[in-house]
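The values are calculated or read from the model by the stated rules, or taken from the named source; none is laboratory data. In this text the structure is predicted, and so the values were computed from the model without any measurement. Cβ placement follows ideal geometry from the backbone for every residue including glycine, while neighbour counts extend to all protein chains displayed.
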Amino acid sequence: MQQQISHITPLLAARIELFKRGNFNFIVEREGKKHVKQEIALQMLTNADIVEFLYGGAAGGAKSWTGCSWLAMMCQAYPGTKWFIGRESLKRLRESTLITFFKVCTKYGIQRDVDFKYNGQDHFIEFANGSRIDMLDLRFLPSDPLYERYGSTEYTGGWIEEGGEVNFGAYDTLKTRIGRHLNDFYGITRKLFITCNPKKNWMFTTFFKPAKDSTLPSYMAYLPCLVQENPFIERDYIKALESTSDKVKKERLLKGNWEYDDNPNALCAYDTLLAIFGNDLAKKSGKMYLTADVARFGSDKARIAAWDDWVIIDTLSFDISKTTDIQKAINHLRQKHKITKNRSIADEDGVGGGVVDNCGIRGFSNGGRPFDDENYKNLQTQCGYKLAERINNNDVGFEAEVSEEEKEVITLELEQLQTWDADSDGKLKLKPKEEIKKDIGHSPDWRDLMLMRAYFDYDDVDVPQNVTKEMLGLGV
């Protein structure tokens, strides 16, 4: 397959050749300055060993310019290849990313209506040499939760813009559609490029966290880039970020701090979540409780916690376990900490119902009716809001020994305490578990375990100060 170059100017032809040789100076250098991080990003995008590449993690790092430059030059360098640019909203893709693409082409001498044409009706860019870039709408559709609308499309590679807005299912599907169009012919490694600002969704758990822990697979890469590392950024842009009084925005967009989120639906601030570990404001009263989140169908983790008032003092967790093992663990913690049956509770949905019956403890029904008919969708929502209230009041403590990695998981899950469908006129709702799984990749077991403790804020019983073995009802 030969490129038709009769319409290509000598300068553009030279740039295409430089790009193919890995010389990106015409992109990353200007007025004696070089955008070093952008050069590294382009090297990764043309590296034969890297398949999935996340770039950004702050505002103003020239992420969009990098993506547009990469795709424009790849299309010119390799005739007949097929690519995509995907974003959560096709409208924003057209109004932002596409405008940047046109600017990039003008900058590097790629002429519209000569070297390429844009089809605004079907939303694709077609080059004179047969290469093509599809504009993809990556909105989550309840009628297409697995993104099967793109399940039969074949691409050489592609780019997900603003990954913080995009559902995990889009990423998971599109990474299977690349490397299927002329990759072997040209010897091009399949490539999925993702640009982003910090967001605690699948990018955090799939890229950022493993990269931070040095466990990211070798075929994946994450490259952070702060606004201060872009030598071409306008000074006023940085000043605007520095002047914001919004701590979360400043941490995320200026400092590239992934630990902070700016979700307006969050019920707890990030700092208050961190404060639960070793919280000396949370007082123990000697009132002992037990909560248990029973794994369903072997897919989730089973977790059990012993509480002194609102302070977790002991925990047990199981990856895969029989209900009989969970029952033994519940009885063990009850005996160890002298916790009565009527101050012990387990999730009774699914297989948890058997654990509740066999242990003779209280059952927690997530879809149950809220206490006092308060304006919540269900019992789980009511207890989730109460847990958030307790956390914000510094009532919740965590003294049980857990690893730093587990603390990060707990914090991540508690960040999922979010209001949902807030603009509706109905009852208050919590972010559904299905949505949480899409964002963080697993069930929020710690969140579920902890919100059950709030049950006893509504329905507690008097227990003698000195609990005897007979009162525990364990036959010992």
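Within the range 452-467, residues that are touching a residue at least 40 places away in the same chain (Cβ under 8 Å) have Cβ atoms under 9 Å from residues that are surrounded by fewer than 12 Cβ atoms within 10 Å (Cβ to Cβ) in these pairs: TYR458/ASP372; GLN465/GLY286, counting only partners at least 6 apart in sequence or on another chain. In the range 157-174, the count of residues that are assigned to a loop (DSSP other than H, G, I, E, B) and not charged (D, E, K, R) is one or more.
Please work out which residue is surrounded by the fewest Cβ atoms within 10 Å (Cβ to Cβ), limiting yourself to the range 93-116 and to residues that are charged (D, E, K, R) and in a loop (DSSP other than H, G, I, E, B). Ranking the qualifying residues of the range 93-116, first place goes to ASP113. Consider the range 316-351 and keep the residues that are out of contact with any Asp or Glu (no Cβ under 7 Å at 6 or more places or on another chain) and acidic (Asp, Glu). The one that is surrounded by the fewest Cβ atoms within 10 Å (Cβ to Cβ) is ASP319.
Between GLU52, GLU39, the distinction of being among the acidic types (Asp, Glu) and more than 25 Å from LEU182 (Cβ to Cβ) belongs to GLU39 only.
Within the range 141-152, the set of residues being assigned to a loop (DSSP other than H, G, I, E, B) and either crowded, with 19+ Cβ neighbours inside 10 Å or in contact (Cβ under 8 Å) with a residue 60 or more places away in the chain (or both) comprises just one member, TYR147. Considering only the range 429-471, state which residues are surrounded by 15 or more Cβ atoms within 10 Å (Cβ to Cβ) and either among the hydroxyl-bearing types (Ser, Thr, Tyr) or in the same structural domain as LYS200 (by TED's automatic domain parsing) (or both). Result: SER443, TYR455. Restricted to strands (runs of 3 or more DSSP E) entirely inside the range 303-408, those with at least 1 residues that are more than 25 Å from HIS442 (Cβ to Cβ) and of a type outside the set (Lys, Arg) are 311-318, 344-347.
The residues in the range 159-211 that are within 16 Å of the chain's Cα centre (by Cα) and of a type in the set (Lys, Arg) can be counted, and the count is 3.
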